[in-house]
Structure formats: C-alpha cells, structure tokens
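Take a look at the structure set out below.
The values are calculated or read from the model by the stated rules, or taken from the named source; none is laboratory data. Keep in mind it's a predicted model, so treat the numbers as computed, not measured. Cβ sites come from the backbone with ideal geometry, for glycine too, and all protein chains shown count toward neighbours.
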Amino acid sequence: MNNTKNIKRKVPKILLIVGVVLMLFLLLQKGITAFAEKFTPTSEPVAIQIPTIFVPGTNGTVNRFNGLIKTLDLKADVLKVTVATDGTVSSKGKLTSSTKHPMIVIAFEDSSNKTLSVQGKWYQLALRYIQEKYSFETYNYLGHSNGGLVITSYLEEFQQSDDPKLAKLITLGTPYNDTLKKYNDAVTSFTQLKETSDLLKGYLTNLENIPDTIKMLNIAGEVNDTASDNTVPVQSVFSGRYIFQDQVAEYQEILIKGENTSHSELVENQRVVQLVKDFFW
C-alpha cells in the first residue's frame, strides 16, 4: 500500500521533468532558427543607384581615396573591398538604396607591379562579390596610376557577360607606356611615341574587347613644366589614346598644371575633384 502511494507521488515529478526538458528543447530550437535567420544572407541583393568604383595604384589600400571621397560627398555610403592573393574577397561598410552617390573602393592585398597581370582578374572577382550583395546595372570607375591599367586589363581579358557595365571611366596619372624615359619624350603634345613599351604592346593586343559605349576622361598632371607628375611622364599617360580613342564612344584628355599636381597629390587636386563631379554626375 505504501509503495503505491510513492509511485503516485513520483508520476507528477516525472511529467514535470519531461515538460521542462521539452520546453528547453523548443526554446533552443527557436534560438538556433533565429540565429540562422539573422546570419543568412538575403536572397535578393539591395538595389543601389549607379555607384562609383575607385581603384588605387601600386601598394594602394582601401583607404587611399578617403580624402577624395569626403570632398566629393561627405554623406556618401562607402563600401571598401579587399581581394586577397588567393582570390578571396572581404569588405567593410555597406551601401543603401537611398544614397545618391554610393562609392566602392576595391584594393588588392598585393598591388605591386609583379601582380599587375592578374589584378584585372581580381577586380572581376570583386565585382562578382559585390553583385551578390548589391544590384546595379552600370557603374562609373576612377583608376589612379596602375588602377587605370587594372580596368584596361579587365575590359580586354576578364570581363564577363553578366558583369555590370562600365559607363564612364576616368584614369588619373596612368602609365600606359611605362614610366621610363627611354619610351617617353619630355613633351606634353605629341603625334608619335618615342618608343612603344612592352606594357603598351600588351594592351594593344585585345582592343576589340573594349566596349564601344564607354565615355572616358584621361587626366595627366604636370609639375613645373617638366612634362611629368614626377613619377609618370605626360606622354605615357596620354598614350592611353592608342588603346581607347578609337574604341570607346567618347575620349578626352586633360592636362592639370599648377599646385598639387605631383603623382600622389593628383587624387585630391581641386580641379580633379571638380572634373570627377562634372564628368560622373
């Protein structure tokens, strides 16, 4: 008789324990689901207005254009993208659909001259990564120094049919014909090159792949009537005409003289800033 009473007392306790365990299980499952939902990428990329993509030159980082971007639009959203040497892509910042001038900086973990031949491919990987997060059909591009060679290589060799289309292009102090004096005369006006470098010869190989819808502005700097920005000869910069002039919809060359015209200073030169605003926007 006493054993029967003990059994009756234990049954509610067992039910209570089972109930608590079941409740904990349900709470845990709900928490896991919420965590997964929070960290699962949305299926639809965020639609943004036409972005401007910036790519720096040799050894440039994602911070290279900080001053320029602030001058262009202090309130702009900025996405900074870095491509590692193994092709993996990472980013900081985010873009929203409401910003008028979204800006994207793409830099490479190794942007030295020795990797120049693959930087166009890395740029394409960055574009693909960005497209997974953001939706846009066309974009503008500013390349400083070797950043101009990156887009040239991409357009000729690595552009994919489903990539967003380049609409407007500015290259700034880009050494299309290398930087050596043996290739470039110390002049700002010329009709023929002193000598065609191997670098330029390479870019003259696949001209037909460059889209004919692009509008391009090619800018060179000159310090104290030296026909150079102290790093890249003006003639080398304007050698870009041999690549783009007969391929794109519009091609312009502009020479910047006066203050802040050295190679590194061109990025924040006030006339350059105004040209960027006028040409892109």
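So here's what we get for this one:
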| quantity | calculated |
| --- | --- |
| Boolean, residue 145 is at pLDDT 95 or above, touching a His at 6+ places or on another chain (Cβ under 9 Å), more than 15 Å from residue 241 (Cβ to Cβ) and not acidic (Asp, Glu) | yes |
| Subset tally (residues that are in a helix (DSSP H, G or I) and without any contact (Cβ under 8 Å) to a residue 40 or more places away in the chain) for the stretch 252-281 | 4 |
| Hey, residue 230 farther than 17 Å from residue 148 by Cα and either in contact (Cβ under 8 Å) with a residue 24 or more places away in the chain or out of contact with any His (no Cβ under 8 Å at 6 or more places or on another chain) (or both) or not | yes |
| Selected residue (criterion: farthest from residue 276 (Cα to Cα)) from residues of the stretch 42-72 that are of a type in the set (Gly, Ala, Ser) and surrounded by 15 or more Cβ atoms within 10 Å (Cβ to Cβ) | 60 |
| Selected residue [surrounded by fewer than 16 Cβ atoms within 10 Å (Cβ to Cβ) and touching a Lys or Arg at 6+ places or on another chain (Cβ under 9 Å)] from 114, 75, 80 | 75 |
| Any hit, the stretch 55-68, residues being of a type in the set (Gly, Ala, Ser), in contact (Cβ under 8 Å) with a residue 40 or more places away in the chain, over 18 Å from residue 209 (Cβ atoms) and in contact with a Lys or Arg (Cβ under 9 Å, 6 or more places away or on another chain) | yes |
| Enumeration of residues in the stretch 83-111 that are outside any loop (DSSP other than H, G, I, E, B) and either of a type outside the set (Gly, Ala, Ser) or buried (at least 16 other Cβ atoms within 10 Å of the Cβ) (or both) | 83, 89, 91, 92, 103, 104, 105, 106, 107, 108 |
| Unmet requirement for residue 78, which otherwise passes all of (1) more than 12 Å from the chain's Cα centre (by Cα); (2) of a type in the set (A, V, I, L, M); (3) over 14 Å from residue 109 (Cβ atoms) | (1) |
| Positions within the stretch 226-261 being in contact with a strand residue (DSSP E or B) (Cβ under 8 Å, 6 or more places away or on another chain), over 14 Å from residue 179 (Cβ atoms) and polar (S, T, N, Q), in sequence order | 245, 252, 261 |
| Residues satisfying the stated conditions in the stretch 102-138, i.e. closer than 13 Å to residue 160 by Cα and among the hydroxyl-bearing types (Ser, Thr, Tyr) | 123 |
| Helices (runs of 4 or more DSSP H) wholly inside the stretch 152-249 containing at least 1 residues that are surrounded by 17 or more Cβ atoms within 10 Å (Cβ to Cβ) and in contact with a Pro (Cβ under 6 Å, 6 or more places away or on another chain) | 234-237 |
| Of all residues in the stretch 227-281 being closer than 23 Å to residue 53 by Cα and of a type in the set (Asp, Glu), the one that is modelled with the lowest pLDDT | 268 |
